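These notes concern the structure reproduced below.
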Amino acid sequence: MPALNVTFTDEEMATLRRQAAKEDTSLKTLAHDAVLAEVHRRKVAAAAMRTARISAGLNKRLADL
């Protein structure tokens, strides 16, 4: 299975450990879920910007009605 090594400072690692404990999950699961959630968030944001750009003319025409 592919893996990813990520380097964190001691302070960042402590923060991650606290968060994992708070969520009662493993550090591995916390990191995995956070990365995938961020990828999804970026895709949605990019789609929203693209939609806004494409529909800008239509939005202007509808506002003038």
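The values are calculated or read from the model by the stated rules, or taken from the named source; none is laboratory data. Owing to the predicted nature of the structure, the values given are computational and were not obtained by experimental measurement. Neighbour counts are summed over all protein chains in view; Cβ atoms, including those assigned to glycine, are modelled from backbone coordinates with ideal geometry. Quick note on the areas: whole protein, heavy atoms, side chains included, nothing else; ligands and nucleic acids left out. Shrake-Rupley method; radii C 1.70, N 1.55, O 1.52, S 1.80 Å.
Against the criterion of being surrounded by 10 or more Cβ atoms within 10 Å (Cβ to Cβ) and more than 17 Å from the chain's Cα centre (by Cα), ALA45 does not qualify.
Test MET13 against the criterion of being of a type in the set (A, V, I, L, M) and open to solvent by 100 Å² or more (accessible area, probe 1.4 Å), and give yes or no. For MET13, the condition - of a type in the set (A, V, I, L, M) and open to solvent by 100 Å² or more (accessible area, probe 1.4 Å) - is not met. Is it the case, given these coordinates, that LEU36 is touching a helix residue (DSSP H, G or I) at 6+ places or on another chain (Cβ under 8 Å) and surrounded by 10 or more Cβ atoms within 10 Å (Cβ to Cβ)? So LEU36 fails the test.
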